[in-house]
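S.K.: The structure is given below, and queries will be raised subsequently.
The values are calculated or read from the model by the stated rules, or taken from the named source; none is laboratory data. These numbers come from a predicted model, not from an experiment. Note that we place each Cβ from the backbone using ideal geometry, even for glycine, and neighbour counts take in every protein chain shown. Remember, those area values only see protein heavy atoms, side chains included, never the ligands or the DNA or RNA. Shrake-Rupley method; radii C 1.70, N 1.55, O 1.52, S 1.80 Å.
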Amino acid sequence: PLDLNSVLRDTTETLILSGILKRFKIEYNLHNSTNYIMGDRNLMEQVIRNLEINASHAMPDGGNLLLTTKLSADDKHLELIVRDTGMGIAEDIKSKIFQPFYTTKAEGQGTGLGLPIVKDIVEQHNGSVVIESKIGTGTAVTVSIPVANF
């Protein structure tokens, strides 16, 4: 069992201390519950790390990062939403971003493996990933993982 709020806070704090997220205003909107997910802490940290690093790359001059956890409408999934105020993702490339080695970053700046790894880990946890984005406004990535049943 994992407390997703705890994993999110710990991972984010590590990225702040390492300097990756130091230029950003970070806001938390965490679901106040005792809901847990079943999962591997290290893998969920990797999901959060990849999403937050991508958000930081989308906001090279700084910006806002909103980190949300909430129950799905049917109370069966815990959702993690990473929302940035970055440049956004163009419609014509949204279908490619989960393909291994696809990147919009300059040579040597990214491997194109972050989002495919996120998708793979989330699917290993019987979850899903949805991306909503608008050019010039930012991106929201929603990770949905089933709530643990004890």
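S.K.: Within the stretch 117-147, track down each residue that is open to solvent by less than 20 Å² (accessible area, probe 1.4 Å) and more than 18 Å from Asp3 (Cα to Cα).
M.R.: Answer for the stretch 117-147, where residues must be open to solvent by less than 20 Å² (accessible area, probe 1.4 Å) and more than 18 Å from Asp3 (Cα to Cα): Val118, Gly138, Thr139, Ala140, Val141.
S.K.: Of the residues in the stretch 26-57, how many are in contact (Cβ under 8 Å) with a residue 60 or more places away in the chain, assigned to a helix (DSSP H, G or I) and open to solvent by less than 20 Å² (accessible area, probe 1.4 Å)?
M.R.: Summing the residues that are in contact (Cβ under 8 Å) with a residue 60 or more places away in the chain, assigned to a helix (DSSP H, G or I) and open to solvent by less than 20 Å² (accessible area, probe 1.4 Å) in the stretch 26-57 gives 4.
S.K.: Any idea how many residues of the stretch 71-101 are surrounded by 12 or more Cβ atoms within 10 Å (Cβ to Cβ), closer than 18 Å to Ile145 by Cβ and charged (D, E, K, R)?
M.R.: 2
S.K.: Hey, another quick one. Hey, could you check the stretch 131-150 for residues that are aliphatic (A, V, I, L, M) and at pLDDT 95 or above and say which is nearest to Gly62 (Cα to Cα)?
M.R.: Our first condition is that a residue be aliphatic (A, V, I, L, M); within the stretch 131-150, this holds for 131, 135, 140-141, 143, 145, 147-148.
Retained after the next criterion (residues that are at pLDDT 95 or above): 140-141, 143, 145.
Numbers: Ala140: 16, Val141: 18, Val143: 23, Ile145: 29 Å.
Looking at residues that are aliphatic (A, V, I, L, M) and at pLDDT 95 or above, I get Ala140.
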